[in-house]
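*Asks:* Have a look at the structure that comes next, please.
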There are 2 protein chains.
Amino acid sequence: MRLLLIEDSSRMRRGLEGSLRKSGYAVDSAGDGEEGLWLAETNDYDVVILDIMLPKLDGVSVLQQLRKKGRDLHVLLLTAKDTVQDRVNGLRAGADDYLVKPFALEELLARIEALCRRAYGRKDAVITVGDLTIDTAAKSAGRSGKPLDLTPHEFALLEYMARRQGVVVSRTEIEAHIYDDARSPISNVVDAAVCNLRKKIGGTAVTPLIRTRRGFGYMLTAGRPGQP
Amino acid sequence: MRLLLIEDSSRMRRGLEGSLRKSGYAVDSAGDGEEGLWLAETNDYDVVILDIMLPKLDGVSVLQQLRKKGRDLHVLLLTAKDTVQDRVNGLRAGADDYLVKPFALEELLARIEALCRRAYGRKDAVITVGDLTIDTAAKSAGRSGKPLDLTPHEFALLEYMARRQGVVVSRTEIEAHIYDDARSPISNVVDAAVCNLRKKIGGTAVTPLIRTRRGFGYMLTAGRPGQP
DNA sequence: CAGCGTCTTCATGATTTCCTAATCTTGGAG
DNA sequence: CTCCAAGATTAGGAAATCATGAAGACGCTG
C-alpha cells in the first residue's frame, strides 16, 4: 500500500515516514500543501495523511482541491485542534477519517489500515484466497494453516493482489502501489518479486495461484481458469 | 437511506431515532445485541449505528458476526470508553467509523453522511452478449460458461465490440482503438484479428457472432440475422 | 565494521503473440 | 452467368513478453 504523508514539521515527517515504512507501507512525503497536492494529483496513493496546518496551502484547501477533481482518494486528516466544529468541517470537506494530535502511533496505524481495507471494499483484517490466509493487521500470511515466511515486499505484493483477487493487476499498478517514488523506467522488479512470491506460496493448477495474463498482468485467484 | 440503530439506553435510542428521522433517514432500532444482529441480518441497511455496551451480545461481537457473514454494511461504532486500545480494537474488528460518547448530534450526522457517500465504487465489470460473457476485470471471456483462451489483442477487440454491441464498427475505428501506434496504410491487421477471434468464439447463424457488414465494418450482436 | 538477509538489476532462454503478405472465397453488379 | 473487389484464411518468421538464476548493491543488526 502506498501512502502520501503531507506534514509541516520535518521532524514529525521523518519520524512518521520511518514508522510507516517499517510497517510495510510505501511512503512518499511532502512538506507543504502545494507539493502535497501535486504529488497526490500525479500519483496513485491508497491513503493520504494530511496535516491541517501547512505552509503555502492549508490541509482543508488541499482536500477540497482533490475532491473537486473527483480523485477517489482516502484522506486521513491530522489536526491539533479538537472541537466538534473542526471535526464536522473536516468530515464535510470530504475527509474519510480524522485524528487529533497528539496521537498514538498504534492508533494511526489502525486507522490507516481501516482506510486501506475500505479502499478495496473489505471489512475484515483477514483476507482469504482459497487456502491462503493473509492477516493484514498482523502482517502475516499462511497456506493451509502453515505460516509462510515472506519478506516485507513479498507480503506487500501478496496483500495487494489478495485485496484485488479475481482482478487482473498490471505491472504498472503493482509498481505504483507497492513501491514508493520513481525508479528506473525499465525495470523488472515486479516480475522478479512475483517470481519469488510464487516460489514461496507454491500452488499448482487447481490450488490458489498467481496466474499470468500475458499482456495484461497478474491475477491472484482461487478459482479455476474460468469465471471467478 | 435506511439506518439501524442498536443502542441500550431507551432514552438515548428514542432521542436519536427522532433526530435521525427528522434528518430524513428511515430508522429501525434495537435495544440489545441479539435483536440488533437479527435485524441487521434480515434487512438491508445502508448504515448501522452500533453501541458497544449492549445486553445479551456486545457491540464488537455483533460486528464480528456481521463481518463473518460477509455482509456489506457500513458500521459506525459508538462507545463511552475512549482509550487508544478501544479504538484500535473497534477499527480492527471492522468498524468503518468510530464515535465517542458524548458526541454532538451534528457530528454524528456528518459521519453518517460520510458513510452513506461511500456507497459508490461498484461498477459492473462483466459484459454479456448472448451466451458470451466478458469479464473486463479478470480479462477473461467465456462462452456458455466455458472459458475462452484469448490473446490480449483478441480480448481487446472483443471487449471493444461488446461495448458497442449492435452497432457497426468500421475497421478504422477498431484500428484506432485497439492499436496505439500508426501502421502501414494498407494493412489487414483488423481482418486477421477478427478472423482469429471468430475461430475462437465460434458462433453460427443464430448464436452471437461477429457479423460482417460489407463495405462498412463488423458488428457483434446476439440477435437474429435480420436487420438490426 | 562485518555479516546477513533483502532488494534490484542483468542476462538468458523459452514461449507466445503479432504482423505481413500471398492465396482463397464470396457477394453482387452488370 | 461472369467478373471484380471486398473480405476470409493461412502460415512463417520477427518481435514482444515472461520466468528464472545469479551477481552486485544496499541497509540493518549485532
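We did not get these values from a lab; they are worked out from the coordinates using the rules stated. Only a predicted model underlies this, so the values are computations on that prediction, with no experimental measurement involved. Cβ sites come from the backbone with ideal geometry, for glycine too, and all protein chains shown count toward neighbours.
*Asks:* Measuring nothing but label to label, 7 Å from Cα along Cα→Cβ, what are B:Gly215's distances to the other copies in nm, shortest first?
*Replies:* Spacings between copies for this position, smallest first, are 3.2 nm.
*Asks:* Can you give the percent of C-alpha pairs in the stretch B:1-110 whose distance is more than 19 Å? Intermediate values should be presented prior to the final figure.
*Replies:* On the way: 2206 of 5995 pairs.
Result for the distance tail: 37 percent.
*Asks:* If you don't mind, there's one more thing I want to ask. Obtain the nm distance between the two label points defined at A:Glu35 and A:Asp149 by a simple spin-label model: each point lies 7 Å from its Cα along the Cα-to-C-beta direction.
*Replies:* 4.0
*Asks:* Another question about this same structure. For B:Thr172 paired with B:Ser61, estimate the spin-label separation in nm (one decimal), with each label point 7 Å from Cα along the Cα-to-Cβ line.
*Replies:* 7.1
*Asks:* Taking the mean number of other Cβ atoms within 10 Å as a proxy for protection, how do you rank B:25-34, B:186-195, A:49-58 from highest to lowest?
*Replies:* In descending order of packing, they fall as A:49-58, B:25-34, B:186-195.
*Asks:* Using modelled backbone amide H atoms (1.01 Å from N, in-plane), which distant-in-sequence or interchain residues come within less than 5 Å of A:Val167's amide H?
*Replies:* Those qualifying (amide H under 5 Å, at least 5 residues apart or on another chain) are A:Leu220.
*Asks:* Let me ask you something else. Which distances, shortest first and in nm, link A:Cys195 to the matching position in the other copies, using label points set 7 Å out along Cα to C-beta?
*Replies:* 3.7
*Asks:* Cβ under 14 Å from A:Asp46's Cβ, A:Asp46 left aside: what net charge do those residues give with Lys, Arg +1 and Asp, Glu -1? Intermediate results must be reported in sequence, preceding the final value.
*Replies:* Working: positive: A:Arg2, A:Arg71, A:Arg111, A:Arg117, A:Arg118, A:Arg122, A:Arg163, A:Arg164; negative: A:Asp28, A:Asp44, A:Asp72, A:Asp96, A:Asp97, A:Glu113, A:Glu159, A:Glu173, A:Glu175, A:Asp180.
Around A:Asp46, the surrounding residues sum to -2.
*Asks:* For B:Gln65, place a label point 7 Å out from Cα along the Cα→Cβ vector, do the same in each other copy, and report the separations in nm, one decimal, smallest first.
*Replies:* Result, one decimal in nm: 4.8.
*Asks:* How well do other chains shield peptide B:33-46, expressed as the mean number of their Cβ atoms within 10 Å of each residue Cβ?
*Replies:* Working: counts 0, 0, 0, 0, 0, 0, 0, 0, 0, 0, 0, 0, 0, 0.
Mean partner-chain Cβ count within 10 Å for B:33-46: 0.
*Asks:* Given H placed on each backbone N at 1.01 Å, which residues far from B:Ala30 in sequence or on other chains put an amide H within less than 5 Å of it?
*Replies:* Excluding prolines and chain starts, which carry no amide H, the hits are B:Leu5, B:Ile6, B:Glu7.
*Asks:* Give the share of C-alpha pairs in each 20 angstrom bin for the protein assembly as shown, from 0 to the last occupied bin, in whole percents, shortest bins first.
*Replies:* Using 20 Å bins, I get a P(r) of 22, 47, 28, 3 for the protein assembly as shown.
*Asks:* Give me the aspartates and glutamates in straight-line cross-link reach of A:Lys146: C-alpha distance below 19 Å, same-chain residues under 8 apart excluded.
*Replies:* A:Lys146 reaches A:Asp131, A:Asp135, A:Glu154, A:Glu159.
*Asks:* For peptide B:132-140, compute the average count of partner chain beta-carbon atoms within 10 Å of each residue's beta-carbon. Please list the in-between numbers first.
*Replies:* Details: counts 0, 2, 0, 6, 2, 7, 14, 9, 11.
Mean number of neighbouring Cβ atoms from other chains: 6.
*Asks:* Follow-up. Report the net charge of residues surrounding B:Val190, where surrounding means a beta-carbon distance below 9 angstrom and charges are Lys +1, Arg +1, Asp -1, Glu -1.
*Replies:* Values: positive: B:Arg171; negative: B:Glu175, B:Asp191.
Computed value for this residue: -1.
*Asks:* Tally Lys and Arg at +1 and Asp and Glu at -1 over the other residues with C-beta under 9 Å from the C-beta of A:Lys56: what net charge comes out?
*Replies:* Once all neighbours under 9 Å are counted, the net charge is -4.
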